[in-house]
Amino acid sequence: MSEPDSPVGRRGGKIDGLPKITGAARFTDDLTLPGMLHGAFNRSPHAHARILSIDVSAALALPGVYAVLTGADLPTPYGVIPVAQDEHALAVGKVLFIGDEVAAVAAVDQETARRAAALIRVEYEPLEGVFTIEDALNPDKPLLHDERRRKGDTNVLRRVFQKYGDPAAGFAEADVIIESNYDYPGSTHVPLETQVALAQPHPDGKLTLWSSTQIPHYLHRIVSKVLGMREQDVRVIKPDVGAGYGGKSDPFANELCAAALARKTGRPVKFILDREEVFYAHRGRHPTRMTLKMGVTNDGRITAADFKAWAAGGAYASYGVVTAYYFGVFLPLPYKLDHWQFESHRCYTNHPPCGPKRGHGAIQPRFALELHLDKLANAIGMSPDALRLKNCVEPDTETSNGLRITSVALKECVDKVLAASGYLEKRGKLGPNRGIGLATSAYMCGALHPIVQSEMPQSAVQICADRSGRVSILSGTADIGQGSNHMLAAIVAGRLGIPETDCVVLEADTGLTPVDLGSYSSRVTFFAGNAAKMAADQLYAVMRAAAAEKLGGEDVVMLGGKVFRESAPEKALDFAEAVQLAEERHGTLGFVGHYKPPKIGNRFRRQSVGPSPAYSFTAQVAEVVVDPETGFVTVERIWAAHDCGKALNPTIVEGQIEGCVYMGVGEALAEEQSYTKHGLHRAPSILEYKIPTVFETPEIITIIVESNDKEGPFGAKEAGEGPQLSTVPAIANAIFDACGVWMNEAPFTPDRVLKAIERRDREARRASFDGA
Amino acid sequence: MLPLPTFSVLSPRAVSDAAQMLTDHPQARLIAGGTDLLPSMKYGLFTPPTLIRLGGVSALQEISVTEAGGLRIGAGVTLRAVGRDVRVLSLYPALAAATRTIATSTIQAMGTLGGNLMLDTRCAWYNQSTFWRGALGGCLKCHSAPEGAICHVAPKGKGCYAAHSADTAPGLLLYDAEVELVSTRGARRVAVAALYGDDGRDWIRRAPDELLTAVILPPPPAGRVVHRKLRARGSIDYPLLLTAAAFDPDRGPRVVVSSVGPRPVELGGVAEAWEAGGVEAVAEAAYKQVSPLSTHVWPAPWRKKMVRVEVRRALEAAISGV
Amino acid sequence: MPTEPDDDLVLTLRVNGDRRRLLIPANRTLLNLLRQDLGLTGSKHGCDVGDCGACTVLVNGAPRLSCITLAAEAQDAELLTVEGVAVGGALHPIQAAFHEQVAAQCGYCTPGFVMALKALFDERPDPTDAELNEVLGANICRCTGYTKILAAARQARERMNGRST
Ligand SMILES: Cc1cc2nc3c(=O)[nH]c(=O)nc-3n(C[C@H](O)[C@H](O)[C@H](O)COP(=O)(O)OP(=O)(O)OC[C@H]3O[C@@H](n4cnc5c(N)ncnc54)[C@H](O)[C@@H]3O)c2cc1C
Ligand code: SF4
Ligand code: FES
Ligand code: FES
């Protein structure tokens, strides 16, 4: 569909790339308003305690302090998920983790606000903490959310059990059954920009809130709700955002308190989190304990699976209900599996709350399953790639749990990644302590069913062609660095045959742009892209008709900024001329497009979480070196082949794949939210929370595979999350190839790897002793 | 952003002025590159009323050859300048190597050699924000710890075991380097080996009114000195374990281990172990002598195992360089 | 020479070529001086304690983490921030390469990388890959996996040395 000189598929710079390189970009903390005050929090030093009293008098008495808020001022509970409204802007009655927000101050500058916050006296009655999965499942432990109490209740937020086919019969068919336990750590996003909000009250009672959010729409709804305002009186604007990776999907206390303090003082309030506070705001990966049992026939057919997962989710629900479903729903994909079941538990603990992080809910089961496949392949003497290919889902099929599968280029991904990496020649032959590993995966392109049930579109785009030849695109999407502004421009420009730089994108302003559900679950390209395409199609039709009349023939094309008849290309109109012609005929050229996912019938009514209009597929190979004396793992190279449907801009798609692999490498090697036995975060800094530097980052070789999805805009699917799923298990499988140890527990820190190697040697010694 | 406490600043131009200011303002702290001091102050670890800036004292920024044929390196020379100096590179390669493993290339361009030798001891329970330490209940090293605060590394003890983390110290110790300390009372020299004490709160044997002016290196030893740093990542990170080994074919090996307690420790019994069983025996002796504590986020038992590995690797490299 | 400590100081310096004279409190960091006093918000803060490199600026040509540098250190100095790198509106080759390679995703780390690389290229016009890596290792990027940043740095090197890419 795309033409040779079309913006669709063109490499290189983003339409909005330059300001970020010259320093002109405006992130929220770069905005200043006259008379602006600054916010600061008083936070809980206890993991679990009842608040007996709060004395704010000393804080209020400090010169320069304008207002102090406590939980009593903002009593309305909220949460992104309708069934889990368990958060408050500031603690009400109880604090649930070390770092929980208790009070908020607005003062003339940050120093004063912080000093005042430290002067607030809070009297606590400490309660027993719930720190482990065992604690959370134990009915004798106190409940974090005691308003939920019923007899026998535990701190389980959500248990999900689903069963497909006949697992018992499936296991009976198997020649080999393996069962293992797996542990995946909690990890956090560490976007380089911390959360920042700036609220401005208006004399007419309205409010504008600028924030580093990745979902302006939910923030809009929840700010209105918590402040008791009409939604039409609240305007949320997302300026440039220093990335999110899922970590800026929830409404945060600093946003709500900036708004409330601005209303209370009548002055603009900026509220910024420092780096340590971002570790408390968290919403990252759930630390998850898993058991997986799988059966396979000797010729490599997977016959059955039984999966259990327990996640210690921290103090609040966040998106945790969804996490509990994702754990199971995406377990088999990208493989065919007829007989299987899963049971998952998402628990509350007295830690910073977990939530959605890149590859939400799918990373942990993928880790377990991809390791498990290599174990099974080993057991039946089959090559790991062959086992995967044998069970791979086919295009235009339905999975046993009712997911509609359309475009699939997984086989191509596997072939390409094997060829590029030399996997088949290298596996088992790289010599001691060097190894190679493979993993594959699939991920969603947005959710069929919105979080808040409705029949309204999930994305909408408005475009307007100006007589100058410029096309403006208004969209509620949130570009947080992934390049969605460029994507929208490429789609519209691609349809109209103009350079994408002739488009202007105005995004993420709930006062101006049509609603879009935001940047999560890899939905933006598919959903907003289709909405943009729909708007552009209408403009295209009107312009084409006007041009056909003028040029005297129907074979009109729009290409390279010109509008002409294919049969007479020498008589071309400039795009701007064609706009003017169309405007004369049609009136002002404004069009809206929207996207509502197709109604896909599902045999399983309960399956409302997980189905997507399309799925992306990934295959990755990792090559590692293990130092058997220290346990250090060096990931030298990762080859990543990703079926993104269609690369609207290959440079940006590569960047997304590279970013995913990078984040996976961090989770594989060292990243871990670790807490003291009192629930205190052990390493809330970039110095001690070990995200990879350039030296730990492997060479990443990306291979883009295009399956041209029938329903995706120009065939596009997603690239922002899916590629992360394969990285950690590919590394784990490579470690096995290198030194014969299965790393069932991530991250693969030197300490863990060395212990595994020592265990291997002990067992070998025992075996040779027994044998002798 | 994290505010700095309020303080005033003094900007001397000569060593004598700086010494006088230190005498006149006993609560003042010296600031060189600021790469240790300012993060610590942002975390509220201390709140000096006055900072004396050494950046303007040009006499501290010189490297010169001594009469003895060694080098005198001013305390204010940046780590980057030390690491690139051709004389340092040829005579004291382990020092150059150590500077290049510190933090990041940008911090190496800011931080000084003097600041590195004066680097505060570090601990996972201490190098944290005011809020964090408050939630923990503080510890013995905190200047305003509440009554009853304990050491979280050795709860029953009375001492502080915060880890010496200066990368240049172990190598300088094996080069038999000295530092020059200047106050209004005069100048004195102290061997790097004698500069540090055994408690993480009071780890440096420098009088409060003294200024470190230079590191003086004697002519290099006959054999080779090797610096090794164990760290989590290839840049940014402080050491998990520092090892320096020297090998002089006539006098045998010497080994220093650091980042395991408040001072770098030259291991005892190395000559005997070497005689008895070579490199492996020295590594084993090191393993027996050195017990890292939970002063770091990464686990102490693993760091203990690493003592053996790192000492062996350092010594092998020192020997192979002869 | 004053021997009584100053709570406030008069700072004279040149920022991106412009002469400036300001009265500031002694505890002002260079980053706050730039962002708050001078309105130059291009320099970013990712950690505020020296861990991430987002605040890197050049003081007399040398890279400095402005979040842990006292503004007082810039007395009489020549300061360069990301806003001053494109001269006369023309992108510096490092910036052009960053754009072409899409080395800025969210762009929050970008000013720090541009400045650290600028310091390197000013000093060593044709750095080795290892030297490039050493400079990239001073800064954190959470979006790109450094892959496109390294590609951009290499491309800038090749172009600046008259080799085609
Ligand atoms: C992210 C990060 C990572 C780091 N990693 C490492 C690392 O891996 N290894 C390492 O060794 N260091 C590391 N450091 C610490 C620091 O950068 C270096 O130790 C540096 O050499 C300190 O020098 P400075 O000039 O910046 O010291 P400053 O911060 O200026 O001073 C440090 C201390 O020494 C005192 N002081 C300074 N000069 C003198 C003098 N002339 N006489 C007497 N006292 C003086 C100061 O009062 C202060 O107490 C790291 C720092 C950061 C921010
Ligand atoms: S060793 Fe003990 S006393 Fe010293 S800093 Fe660490 S916890 Fe505090
Ligand atoms: S903000 Fe200065 S190093 Fe991170
Ligand atoms: S581009 Fe986002 S942190 Fe580097």
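For the stretch A:24-52, name all the residues that are touching a Phe, Trp or Tyr at 6+ places or on another chain (Cβ under 9 Å), more than 14 Å from chain C (Cβ to nearest Cβ) and among the polar types (S, T, N, Q).
A:SER44
The conditions are (1) within 16 Å of ligand 3 (Cβ to nearest atom); (2) of a type outside the set (Asp, Glu); (3) not in a loop (DSSP other than H, G, I, E, B), and B:ASN127 fails exactly one of them. Which is it?
Failing condition for B:ASN127: (3).
Taking B:VAL279, is it in a strand (DSSP E or B) and among the β-branched types (Val, Ile, Thr)?
Working: in a strand (DSSP E or B): no; among the β-branched types (Val, Ile, Thr): yes.
Spelling it out, it is not the case that B:VAL279 is in a strand (DSSP E or B) and among the β-branched types (Val, Ile, Thr).
If C:HIS92 satisfies every condition in (1) closer than 19 Å to C:ALA156 by Cα; (2) away from ligand 4 (no atom under 16 Å from the Cβ); (3) under 9 Å from the mean Cα position of the chain (by Cα) but one, which is the exception?
Failed condition: (3).
Only residues that are farther than 10 Å from C:LEU11 by Cβ and of a type outside the set (A, V, I, L, M, F, W, C): list them for the stretch C:74-87, please.
Selection gives C:GLU78, C:THR81, C:GLU83, C:GLY84.
This table checks each residue for (1) more than 14 Å from chain A (Cβ to nearest Cβ); (2) buried (at least 19 other Cβ atoms within 10 Å of the Cβ); (3) more than 13 Å from ligand 1 (Cβ to nearest atom); (4) of a type outside the set (Asp, Glu).
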{"residue": "B:PRO155", "(1), (2), (3), (4)": "no, no, yes, yes"}
{"residue": "B:ALA162", "(1), (2), (3), (4)": "yes, yes, yes, yes"}
{"residue": "B:ALA177", "(1), (2), (3), (4)": "yes, yes, yes, yes"}
{"residue": "B:THR184", "(1), (2), (3), (4)": "yes, no, yes, yes"}
{"residue": "B:PRO208", "(1), (2), (3), (4)": "yes, no, no, yes"}
{"residue": "B:THR213", "(1), (2), (3), (4)": "yes, yes, no, yes"}
{"residue": "B:GLY223", "(1), (2), (3), (4)": "yes, yes, yes, yes"}
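Quick one: which residue in B:GLY34, B:GLY76, B:GLY55 is assigned to a loop (DSSP other than H, G, I, E, B), on the phi < 0 side of the Ramachandran plot, small (Gly, Ala, Ser) and facing chain C (nearest Cβ under 9 Å)?
Exactly one of B:GLY34, B:GLY76, B:GLY55 is assigned to a loop (DSSP other than H, G, I, E, B), on the phi < 0 side of the Ramachandran plot, small (Gly, Ala, Ser) and facing chain C (nearest Cβ under 9 Å), namely B:GLY55.
Sort through A:GLY328, A:GLY266, A:GLY313, A:GLY295 and tell me the only one that's touching a residue at least 24 places away in the same chain (Cβ under 8 Å) and under 29 Å from A:HIS38 (Cα atoms).
A:GLY266
Take residues that are within 16 Å of ligand 2 (Cβ to nearest atom) and either within 13 Å of chain A (Cβ to nearest Cβ) or crowded, with 21+ Cβ neighbours inside 10 Å (or both) and tell me which of the strands (runs of 3 or more DSSP E) falling wholly in the stretch C:1-84 contain 2 or more.
none
Restricting to the stretch C:85-105, name every residue that is at positive phi and within 12 Å of chain A (Cβ to nearest Cβ).
C:GLY89, C:VAL102
Please indicate, with yes or no, whether at least one residue in the stretch B:132-141 is within 14 Å of chain C (Cβ to nearest Cβ), away from ligand 2 (no atom under 12 Å from the Cβ) and crowded, with 22+ Cβ neighbours inside 10 Å.
Restricting attention to the stretch B:132-141, the residues satisfying the condition of being within 14 Å of chain C (Cβ to nearest Cβ) are B:132.
Right, trim to away from ligand 2 (no atom under 12 Å from the Cβ) and you get B:132.
Adding the requirement that they be crowded, with 22+ Cβ neighbours inside 10 Å leaves B:132.
Yes, the stretch B:132-141 contains a residue that is within 14 Å of chain C (Cβ to nearest Cβ), away from ligand 2 (no atom under 12 Å from the Cβ) and crowded, with 22+ Cβ neighbours inside 10 Å.
Considering each of B:ALA145, B:ALA166, B:ALA149 in turn, give the residue that is at pLDDT 95 or above and away from ligand 4 (no atom under 16 Å from the Cβ).
B:ALA166
Confirm whether B:ILE73 is more than 24 Å from B:PRO299 (Cα to Cα), at pLDDT 95 or above and in contact with a strand residue (DSSP E or B) (Cβ under 6 Å, 6 or more places away or on another chain).
The answer is yes for B:ILE73.
Against the definition (in a helix (DSSP H, G or I) and assigned by TED's automatic domain parsing to the domain that holds A:GLY631), how does A:LEU376 come out, yes or no? Break it down stepwise before answering.
Numbers: in a helix (DSSP H, G or I): yes; assigned by TED's automatic domain parsing to the domain that holds A:GLY631: yes.
Yes; evaluated as a whole, the condition is true for this residue.
Which residue is farthest from the other protein chains (Cβ to nearest Cβ), if the candidates are limited to the stretch A:629-663 and must be part of a strand (DSSP E or B) and among the acidic types (Asp, Glu)?
Per the stated criteria, the residue is A:ASP643.
Just a yes or no: is a residue in the stretch A:666-673 under 25 Å from A:LYS717 (Cα atoms), of a type in the set (S, T, N, Q) and outside any strand (DSSP E or B)?
Checking the stretch A:666-673: not a single residue is under 25 Å from A:LYS717 (Cα atoms), of a type in the set (S, T, N, Q) and outside any strand (DSSP E or B).
Looking at the stretch A:685-718, which of the residues that are in contact with a strand residue (DSSP E or B) (Cβ under 7 Å, 6 or more places away or on another chain) and more than 28 Å from C:GLY53 (Cα to Cα) is surrounded by the fewest Cβ atoms within 10 Å (Cβ to Cβ)?
Result: A:ILE704.
I'd like the full set of residues that are part of a loop (DSSP other than H, G, I, E, B) and touching a residue at least 24 places away in the same chain (Cβ under 8 Å), limited to the stretch A:518-565.
A:GLY518, A:SER519, A:TYR520, A:SER521, A:SER522, A:ARG523, A:GLY560, A:GLY561
I'd like the residue in the stretch A:732-750 that is part of a helix (DSSP H, G or I) and out of contact with any Pro (no Cβ under 9 Å at 6 or more places or on another chain) and, out of all such residues, is nearest to the other protein chains (Cβ to nearest Cβ).
A:PRO750
Scan the stretch C:99-107 and give yes if some residue there is within 16 Å of ligand 3 (Cβ to nearest atom) and among the β-branched types (Val, Ile, Thr), otherwise no.
Within the stretch C:99-107 (the criterion being within 16 Å of ligand 3 (Cβ to nearest atom) and among the β-branched types (Val, Ile, Thr)), the answer is no, since none of the residues qualifies.
Could you please give the count of residues in the stretch A:639-674 that are farther than 17 Å from A:LEU438 by Cβ, β-branched (Val, Ile, Thr) and crowded, with 24+ Cβ neighbours inside 10 Å?
So the count comes out to 2.
Has the stretch A:38-45 got any residue that is closer than 30 Å to A:PRO352 by Cβ, without any contact (Cβ under 8 Å) to a residue 40 or more places away in the chain and more than 16 Å from ligand 1 (Cβ to nearest atom)? It would help to see each step written out before you state the result.
Within the stretch A:38-45, the subset closer than 30 Å to A:PRO352 by Cβ is A:38-45.
Still in the running and without any contact (Cβ under 8 Å) to a residue 40 or more places away in the chain: none.
Within the stretch A:38-45 (the criterion being closer than 30 Å to A:PRO352 by Cβ, without any contact (Cβ under 8 Å) to a residue 40 or more places away in the chain and more than 16 Å from ligand 1 (Cβ to nearest atom)), the answer is no, since none of the residues qualifies.
Restricting attention to the stretch C:49-89, report how many residues are more than 9 Å from ligand 3 (Cβ to nearest atom), under 10 Å from the mean Cα position of the chain (by Cα) and among the hydrophobic types (A, V, I, L, M, F, W, C).
8
Please tell me if C:GLY53 is outside the structural domain of C:LEU136 (by TED's automatic domain parsing), within 16 Å of ligand 4 (Cβ to nearest atom), of a type outside the set (A, V, I, L, M, F, W, C) and in contact (Cβ under 8 Å) with a residue 60 or more places away in the chain.
So C:GLY53 fits the description; yes.
The values are calculated or read from the model by the stated rules, or taken from the named source; none is laboratory data. Quick caveat, the model's predicted, so the values are computed rather than measured. Positions of Cβ are generated from backbone atoms using ideal geometry, with glycine treated the same way; all protein chains shown enter the neighbour counts.
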